[in-house]
Amino acid sequence: MRVLFVSSYPHLPDVTGGLQTTTHDLCLAIRELGAEAAVLCGQAEAAGADAPFSRDEHLGYPVLRATRPLEALPQAVAAWEPDAIVVQSGTYLSSLVLASLDTGRPTAVYLHNVETHQIGGHLVADPSLLYLANSDFTARRWRALYGLDCAVIPPTVSAPAYRAERQGDKVLFVNPTPIKGVERLFELAAACPELPFLVMESWPLNAAWRAHGQARAARLGNVEWRGPSDGMREVFGQSRVLLMPSVWEESFGRTVVEAQLNGLPVLASRRGALPELVGDGGAVLDLEAPLADWAAALRHLHGPGAAAQRAAALRRGAAHVAGTASTVARLLGLLQLHAARTAPHGPVAAPPAAPPPPMPAHAAVREVPPRQPRREDCLFYHSTTLADGEEVVGDWDLRPNTAQYLGGVDFSGRSVLEIGPASGHLSFHMEAAGAQVTCLEPPMSHLWDVVPHEGFDTPRWRHGFTRSIEGVRNSFWYVHRQRRSRVRLIEADPYALPAELGEFDVGLMASVLLHCRRPFDMVQSVAARTRRTVIVTELYDPSLGPRALCQLQPHRGVQQVDTWWLFTPQFFVSTLGLLGFTDARVILHEQSQPSQNRQVPMFTVVCERPGA
C-alpha cells in the first residue's frame with residue numbers, strides 16, 4: 001500500500017515539531033512493514049520557476065515540498081500515485097481535505113491537535129472520510145466539537161533516535177513559546193537556582209522573541225538556551241527531568257514518551273492528554289497551582305527520592321514503543337478497509353479464499369464423549385489444584401497471568417472456539433468467566449504435524465507421543481468432571497473447519513501455531529468461523545524485530561519434530577488484518593514454565609473485526 005501524508009506545514013529538517021517527527025517515524029515504520037509512504041508538505045521558498053514541488057528522499061522516503069501544497073496536491077497524486085491520502089493537521093485543513101477528495105483517492109483526516117481555528121472551515125462526519133486522532137483525548141474533543149468518530153492512532157516514536165546511554169542533571173524544557181508554558185519555566189528557574197535548566201528550541205521563533213528569551217535566561221544564570229537539534233538523543237542524555245507546563249491543550253505530548261524512553265520523570269500541567277500519558281512516571285499539577293507546589297514537585301523528581309517515578313517512566317516508554325508494529329498495522333488496515341468501502345465501482349475486496357481441503361479418512365466433525373479417567377492415567381500439561389487439594393505441577397503454570405495470556409478479553413456471554421486445549425486450564429478459566437467454550441483437537445489418527453527429518457523414526461516417536469497426548473486428554477476430562485464443566489470437546493481438521501461447526505464470537509489459538517506446518521491456513525480456517533475476535537498467543541523473541549515474520553525452527557543435527565516456527569506479533573497482526581480483523585492490539589507478558597524452572601516471554605495478539 002502507498003500512503004501519502006499531506007500537511008500545509010513544512011517538514012523535517014525545516015521544522016522539528018511533534019507533527020514532523022511523528023510523521024517521519026511513521027513513514028519509516030510503514031516502510032519497515034513493507035508498505036510505502038511519502039509526504040507532501042509546505043516550504044518557505046519556491047521550489048523553482050516551473051515545478052509545483054521539489055522532491056528529495058534523504059529522509060528515507062519521498063518528500064514533496066511545495067510553496068502551495070493545496071495547488072500542488074493533484075500533481076503530487078498524479079506523480080506518486082498513492083493508494084490513500086492522509087491529510088494532517090495544519091492551516092486550511094478543510095481545503096486540503098476537499099482537494100484530496102477531488103483527486104478520487106480514499107481520504108483520511110489525521111487530527112493531531114484540537115485547535116478549531118486552524119481548520120479554515122468545518123469538518124463533517126461523512127462516509128467518504130476516515131477520521132484518525134492521536135489520542136483518546138483528541139478523539140473525545142473532536143467528537144464533542146463536530147460529532148466525529150475518530151480511530152485512535154498514537155504517534156509512532158523510534159526509540160533508537162531518542163534513547164541515550166547515560167543520564168545527566170538538567171531540567172529539560174522543549175519549545176520555548178508562551179503556549180508551552182515558558183513563563184512557568186522562568187519562574188521555576190528563579191525559584192530553584194540550584195537546578196540547571198536546558199531550553200531546546202523546536203518551532204521557528206521570531207528573532208525578537210528569541211533574543212528576549214535568551215536575555216532572560218542569561219540573567220538567571222542557571223538556564224542554557226539552545227537552537228533546534230536533530231540529535232535529541234544527546235539532549236536526553238544530559239537531562240534528568242522533563243518539564244512540560246503547557247498552557248494549551250496538549251493533544252498527545254510526544255516529548256513525554258521520548259523522555260520516558262530514558263527513564264526521565266515528567267512534571268507536567270493538567271492539560272489535554274498529559275495526565276494520562278505521564279501517569280505514574282512523574283507528577284501532574286494544575287497550571288494555576290502555586291509556584292511553591294511546582295518547585296517542590298520539581299525538586300523531588302530531580303532528587304534521589306524519585307526512583308519509583310523513573311522506573312515507571314521507563315516502563316511506560318518501553319510499552320509505547322512495543323506497540324509500534326501493531327499501531328502501524330492497524331493504520332494500514334483501516335486505510336485498506338476505508339479504500340474498499342469508498343471504491344466507486346462497488347465492493348472490491350474478494351471474499352477470503354476457501355480453506356484447504358480437509359484431511360481424509362475421518363468425519364468432518366466428531367463430538368468427543370466425556371471420559372472418566374483415573375488420576376494415575378492423567379498427564380497434566382497445565383498446573384492446577386484438584387478438588388482434594390492436591391497441587392499438580394504441569395509443564396506450564398498459567399494461573400498467575402491467565403488474563404494477560406488471553407489478551408484481557410471479556411468472555412462474559414460469548415461463545416469461544418479454542419484450538420488445542422491440552423489440560424484445559426484456559427477452557428475452564430473462560431467458562432468461569434461466563435463463556436460457552438468449544439474445544440477442538442485433531443483426530444488421534446493425525447494428531448499434530450511432525451517435522452519430516454530424514455532418517456528419523458517418526459512412527460516410533462508418534463507412538464510415544466500418542467500415549468502422552470492420551471494422558472493429557474485424560475487430564476482434561478479429569479478436571480472437567482471435577483468442575484462439573486459443560487465445555488465441549490470435538491475432533492475436526494483445524495486446517496479446514498466445516499460450516500456445520502457454526503460460528504463463534506471468539507477464536508483462540510494459544511501456543512498451537514508453532515506446532516503447525518501451515519500456520520496461515522489454520523488462522524484463516526479459524527477466522528472463517530469467528531464473528532468478532534481472534535486471539536493468538538505464542539513465544540516472544542524481540543530479536544526478530546518488528547516485521548511480519550515466521551522463522552523456521554527445525555534444523556539438521558537437532559531432532560526436534562514437534563515445533564516448526566517462531567513468530568513475531570506482527571505476523572499475526574498482518575495475517576488477521578488481511579482476513580478482516582483490522583483492530584489489533586499486542587500484549588507482552590511472561591509465563592511460568594515449572595518443567596524448565598524459568599519465566600518465558602510471550603505475546604498475545606487480539607484482533608477484532610471493526611464494528612462486529
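The values are calculated or read from the model by the stated rules, or taken from the named source; none is laboratory data. Every value quoted in this text rests on a predicted model; they were computed, and no experiment measured them. Don't worry about glycine lacking a Cβ; one is built from the backbone with ideal geometry, like all the others, and counts go over all protein chains shown. Heads up: the accessible areas ignore ligands, DNA and RNA and are worked out on the full protein's heavy atoms, side chains in. Shrake-Rupley method; radii C 1.70, N 1.55, O 1.52, S 1.80 Å.
Can you confirm whether L148 is buried (at least 16 other Cβ atoms within 10 Å of the Cβ), in contact (Cβ under 8 Å) with a residue 12 or more places away in the chain and farther than 20 Å from Q118 by Cα?
Values: buried (at least 16 other Cβ atoms within 10 Å of the Cβ): yes; in contact (Cβ under 8 Å) with a residue 12 or more places away in the chain: yes; farther than 20 Å from Q118 by Cα: no.
When the stated conditions are applied, L148 does not pass them.
Any idea which of (1) under 23 Å from Q118 (Cα atoms); (2) over 24 Å from the mean Cα position of the chain (by Cα) is the one P52 doesn't satisfy? Failing condition for P52: (1). Looking only at residues of the stretch 286-310 that are in contact with a helix residue (DSSP H, G or I) (Cβ under 7 Å, 6 or more places away or on another chain) and surrounded by 19 or more Cβ atoms within 10 Å (Cβ to Cβ), we find that the one that is nearest to Q260 (Cα to Cα) is Q309.
The residues on offer are A139, A144, A125, and the sole one that is of a type in the set (A, V, I, L, M) and in a loop (DSSP other than H, G, I, E, B) is A125.
Does any residue of the stretch 524-535 turn out to be surrounded by fewer than 18 Cβ atoms within 10 Å (Cβ to Cβ), more than 24 Å from L337 (Cβ to Cβ), assigned by the TED database to the domain that holds G413 and of a type in the set (D, E, K, R)? Among the residues of the stretch 524-535, not one is surrounded by fewer than 18 Cβ atoms within 10 Å (Cβ to Cβ), more than 24 Å from L337 (Cβ to Cβ), assigned by the TED database to the domain that holds G413 and of a type in the set (D, E, K, R), which makes the answer no.
On the given criteria, is R233 in the same structural domain as T177 (by the TED database), touching an Asp or Glu at 6+ places or on another chain (Cβ under 7 Å) and either charged (D, E, K, R) or under 12 Å from V171 (Cα atoms) (or both)? Here the answer is no, as R233 does not meet what is asked.
Residues are listed down the side, and each one gets a yes or a no for (1) modelled with pLDDT under 90; (2) touching a Lys or Arg at 6+ places or on another chain (Cβ under 6 Å); (3) in a loop (DSSP other than H, G, I, E, B):
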| site | (1), (2), (3) |
| --- | --- |
| G333 | yes, no, no |
| Q336 | yes, no, no |
| A339 | yes, no, no |
| H345 | yes, no, yes |
| P373 | no, no, yes |
| G408 | no, no, yes |
| S427 | no, no, no |
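Consider R31 carefully, then state whether it is under 26 Å from P154 (Cα atoms), open to solvent by 60 Å² or more (accessible area, probe 1.4 Å) and either not assigned by the TED database to the domain that holds P546 or not hydroxyl-bearing (S, T, Y) (or both). Yes.
For residues that are of a type in the set (S, T, Y), in a loop (DSSP other than H, G, I, E, B) and open to solvent by 10 Å² or more (accessible area, probe 1.4 Å), tally how many sit in the stretch 410-425. Walk me through it before giving the result.
Applying the first criterion (of a type in the set (S, T, Y)) to the stretch 410-425 yields 412, 415, 423.
Filter again for in a loop (DSSP other than H, G, I, E, B), leaving 412, 423.
Pick out the ones that are also open to solvent by 10 Å² or more (accessible area, probe 1.4 Å) and you get 412.
Looking only at that region, the number is 1.
Filter the stretch 198-210 down to the residues that are within 34 Å of the chain's Cα centre (by Cα) and not hydroxyl-bearing (S, T, Y), then identify the one that is farthest from L291 (Cα to Cα). Full working, then the answer.
So the first thing to find is which residues in the stretch 198-210 are within 34 Å of the chain's Cα centre (by Cα), and the list is 198-204.
Next cut, not hydroxyl-bearing (S, T, Y) only: 198-201, 203-204.
Details: L198: 19, V199: 19, M200: 22, E201: 24, W203: 26, P204: 28 Å.
Going through the qualifying residues, I end up with P204.
Applying a threshold of 6 Å to beta carbon distances and a minimum spacing of six or more residues, or different chains, the list of pairs starting in the stretch 330-342 at a residue that is over 14 Å from V3 (Cβ atoms) and ending at one that is of a type in the set (S, T, N, Q) reads T342/S128.
Name the one entry in V247, V256, V266, V223 that is of a type in the set (A, V, I, L, M, F, W, C), under 27 Å from the mean Cα position of the chain (by Cα) and over 18 Å from S158 (Cβ atoms). Break it down stepwise before answering.
Details: V247 fails: under 27 Å from the mean Cα position of the chain (by Cα); V256 fails: over 18 Å from S158 (Cβ atoms); V223 fails: under 27 Å from the mean Cα position of the chain (by Cα).
When all the criteria are applied, what remains is V266.
Checking each residue of the stretch 215-226 against the condition of being closer than 24 Å to G282 by Cα, touching a helix residue (DSSP H, G or I) at 6+ places or on another chain (Cβ under 7 Å) and free of Cβ contacts under 8 Å to residues at least 40 places away in the same chain gives at least one match.
Of all the residues in the stretch 10-19, those that are surrounded by fewer than 20 Cβ atoms within 10 Å (Cβ to Cβ) and within 30 Å of G577 (Cβ to Cβ) number 1.
Among residues belonging to the stretch 108-122 that are closer than 14 Å to E249 by Cα and assigned to a loop (DSSP other than H, G, I, E, B), point out the one that is nearest to the chain's Cα centre (by Cα). By that ranking, first place goes to H112.
May I ask you to list the residues in the stretch 507-520 that are under 24 Å from the mean Cα position of the chain (by Cα) and outside any loop (DSSP other than H, G, I, E, B)?
Taking the stretch 507-520 as the starting set, the residues that turn out to be under 24 Å from the mean Cα position of the chain (by Cα) are 507-514, 519-520.
Across the stretch 507-520, the qualifying residues are G507, L508, M509, A510, L513, L514, P519, F520.
Candidates in the stretch 165-190 are the residues that are farther than 17 Å from M244 by Cβ and touching a residue at least 60 places away in the same chain (Cβ under 8 Å); of these, the one that is most open to solvent (accessible area, probe 1.4 Å) is E165.
Each residue in the stretch 464-506 was checked for being surrounded by fewer than 19 Cβ atoms within 10 Å (Cβ to Cβ), assigned to a helix (DSSP H, G or I) and small (G, A, S), and 4 pass.
In this structure, I85 does not qualify as in contact (Cβ under 8 Å) with a residue 12 or more places away in the chain and within 26 Å of R271 (Cβ to Cβ). On the stretch given as the stretch 376-397, residues that are surrounded by 17 or more Cβ atoms within 10 Å (Cβ to Cβ) and assigned to a loop (DSSP other than H, G, I, E, B) total 6.
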